[in-house]
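Coordinate-derived values only; no laboratory data. Source: prediction; values computed, not measured. Every residue, glycine as well, gets a Cβ built from its backbone with ideal geometry; the counts of neighbours run over all protein chains shown.
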Amino acid sequence: MLTPVINATGVLLHTNLGRAPLAHHQDASFFNLELNLASGKRGSRQHAVGSLIASAVGAEAAIVVNNCASAVLLALAALPQGRGVAVSRGELVEIGGGFRVPDVMAQSGARLVEVGTTNRTRLADFDNAIQNDDVGLALHVHQSNYRIIGFTEAVSIKELGTLDVPVLADIGSGLLDAGCPWLSGPPPTWLAGEPAARQSLADGADLVMFSGDKLMGGPQCGILAGSRELIDKCASHPLARAVRPGGLVLSSLQTTILSYLNRDGTAIPFWRQATTPIDDLRQRADAVATQCAGAPVAVGVIDTMAVPGGGTLPGVEIPSVGLRLEGDMSRRLRFEDRPIIARVEGGATVLDLRTIDPSDDDAVAAALNTLT
């Protein structure tokens, strides 16, 4: 059955562990999910949270669906209206679970128009497709879980914005603003080059689509934000009802977005973990190791590297500190009352402090003291 676990893997957005950690409590109560309190008539479940999201990313409007794949599916079903959608061959990606952009497009009923090559696509390739084919949209897909390096060329969202067709941008990981105004300092260096919703819209995207449970740090959902005209078309499409989220997701998402609007990144667990200073992690690791001084298995403190995970920022590492145990203790740790999910490197077990909540340090120490 589903049970809470301690994530000691060093993967901040671990898909197998539910991606972004999230705390949300809601009393058993009715609430105005689809009731307009001002008029007393039926309203839209999308309006309240959608307006907050739009404010957070500088969009005219926004709606929420159940994941990013649903957001792409809905946009491609609602907007091309029988016309082609131009996509670079270098962006015809496969995401987790074997789902592929061409397959999603086929299910939407949109017609795929491939442009460029795997490693090099130019603006002229999109122009040629628009001139010589019945293309109604240009789709930009973020290569969120892989990189092509070497002899490469790609078309930016800003360049696509010069075309005579609407531009849709699947930015994937859900960074709301490259400036990270919700943090007390500058944006983390490991975010360099990651597309953000606000900047993508400012660069000329008419609609952006992204996940809520990755860099945004909210519940699993997909978000569409941008032009009110395009959002209205998506919201009125029959498929919108099939992919709409429930009230619990919307309530949780509202809490997350309000934290962004209040510029309170410390209220979002993902950002707390991702930006914890290395010295703080080392102090915690030393404290746990001290508690385990007499443990049957020796516990050492090591420097290590965490990763964002969740199909975001491939190749990016974040300095961290871990606890090292000789041998593979991962199975034994998984059978704790509160399972601890660790990683095994070079025949040793590593527990990364960056992904362990400080409130769980004592539980980790207690588990290590009973290992045999």
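Within the chain, antiparallel bridges make up roughly 55 percent of the DSSP beta bridges whose residues both belong there. For region 260-314 versus region 1-53, the spacing of their alpha-carbon centroids is 25 Å. Spatial offset of region 219-246 relative to region 333-372 amounts to 40 Å, using the alpha carbon center of each. The C-alpha atoms of the chain define a longest principal axis, and helix 278-291 lies at about 40 degrees to it. The loop-placed trypsin sites (Lys or Arg not before Pro) in region 269-358, going by DSSP, include none that has at most 16 neighbouring Cβ atoms within 10 Å of its Cβ. Taken over the chain, the convex hull of the Cα atoms encloses 150 Å³ per residue.
Placing unit charges on each Cβ (+1 for Lys and Arg, -1 for Asp and Glu) gives region 31-267 a dipole about its Cα centre, and among 130, 71, 205 the Cα reaching farthest toward its positive end belongs to 71.
Looking at region 103-152, the trypsin sites (Lys or Arg not before Pro) that sit in a DSSP loop and have at most 12 other Cβ atoms within 10 Å of their own Cβ are 147. Rounded to two decimals, the Cα-based Rg/Rh of region 47-165, with Kirkwood Rh, is 0.98.
Just in region 177-269: which trypsin sites (Lys or Arg not before Pro) are loop by DSSP and have at most 16 other Cβ atoms within 10 Å? Within region 177-269, the qualifying trypsin sites (Lys or Arg not before Pro) (loop, at most 16 other Cβ atoms within 10 Å) are 263. Calculated [222 nm] ellipticity per residue, helices only, for the chain: -8000 deg cm²/dmol; basis is -39500 (n - 2.57) per DSSP H run with n ≥ 4, divided by all residues, nearest 500.
The fraction of all Cα pairs in region 250-372 landing in successive 10 Å bins from 0 to the largest distance is 12, 39, 31, 14, 3, given as whole percents. Exposed loop sites, defined as chymotrypsin sites (Phe, Trp or Tyr not before Pro) outside DSSP H, G, I, E and B with at most 16 other Cβ atoms within 10 Å, are absent from the longest region of the chain, namely 152-334.
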